[in-house]
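**Q** First the structure, then my questions, so here it is.
Bear in mind these aren't lab numbers, they're just calculated from the coordinates by the rules spelled out. These numbers were taken from a predicted model, which means no experiment stands behind them. Neighbour counts run over all protein chains shown; Cβ positions are idealised from the backbone, glycine included.
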Amino acid sequence: MAHHKPYRAALSNSARRVYAGAVLLELLFPGRCLLCGGQLAFQARHGEPLCLDCRASLVPLAADRRCRVCSLPLISERDTCTRCRLREYEFDSNLSLFEYRGAVRELIYQYKFRNRLRLAGVLAEHFARALAEGYPGTVVVPAPANPQAVRRRGWDPVERVCRVLARQYGFAVCRALARRPGPAQKRLGYEARRSNLRGTIRVRRRPPDAVVLLDDVFTTGATASECARALKQAGASRVDALSLAIDLP
Ligand SMILES: [Zn+2]
Ligand SMILES: [Zn+2]
């Protein structure tokens, strides 16, 4: 398909080698769990990236007692968490499936930073369930990656998950957004992130009326909010954010 051509062409040789190496490793050692390294049961070897223990350790956040805007677990507040009372987000809702800690944090680390590409399937499986249950019929828009990160890594983690969602589960994916290179977001607060991002998200294709914006980690909500703003300016009327994990403040 045409969508991975633009950045494939821009990859440096070292990124190309990293990518090829990751693919080769997974072909050579298919019998080990990609999270704990434990041997997989014989019948689970074909295509299954996780052992049963690791699979069981991925426990989704309970659906009740969560902020209805950002999905942060609530302690003593009702409906809306304290930070959402102070903040105006551009998205209509956010749902994060897990807390960004323990096995889920390790899963994301192994996937993004150790290039365990097959873990895309595990992420897609959780997203697919949430999409089918909560947003039937809506179109998925991947949160655009920082092009510098894609060049360094050799691949785009969110894009790869969206490819599985389209091919394996039949979800409609609209690659409506692109991102210009910008400074790193890590360790910045909400306001700093928002001004950092301003003008770096651009629309490359008109989005449909209602979309689910998909990302791996929800931290301050700044990225989701900027993406939602761009999507709405381009004609979307509803943007619901969906992420694998929320990094609690
Ligand atoms: Zn394991
Ligand atoms: Zn909230």
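**Q** So for the chain: antiparallel DSSP bridges make up what percent, rounded to the nearest 5?
**A** On the way: 5 of 24 bridges.
The antiparallel proportion sits near 20 percent.
**Q** Here is a further query. Cα-based Rg (one decimal) and Dmax (whole number) for the chain, in Å?
**A** Computed over the Cα atoms of the chain, radius of gyration and Dmax are 18.0, 52 Å.
**Q** Can you compute the modelled spin-label distance between residue 233 and residue 53, with each label point 7 Å from Cα toward Cβ, in nm?
**A** 5.0 nm
**Q** Please compute the alpha carbon radius of gyration of segment 160-249, then divide it by the globular-protein estimate 2.2 N^0.38 Å. Two decimals is fine. If you can, show how the numbers build up before the last one.
**A** Working: Rg = 13.4 Å, N = 90, 2.2 N^0.38 = 12.2 Å.
That works out to 1.10 for segment 160-249.
**Q** Now a separate question. With each run of n ≥ 4 DSSP H residues scored as -39500 (n - 2.57), what mean residue ellipticity at 222 nm is computed for the chain after dividing by its residue count and rounding to the nearest 500 deg cm²/dmol? The partial results should precede the final answer.
**A** Values: 10 runs with 99 residues, N = 249.
Counting only the DSSP helices, I get -11500 deg cm²/dmol.
**Q** Could you order the peptides 166-173, 108-115, 59-66 from most to least packed, using the average number of other C-beta atoms within 10 Å per residue?
**A** 108-115, 166-173, 59-66
**Q** How high is the FRET efficiency from residue 76 to residue 191, r the C-beta distance, R0 25 Å, rounded to 0.05? If you can, show how the numbers build up before the last one.
**A** On the way: r = 25 Å, r/R0 = 1.02.
About 0.45, to the nearest 0.05.
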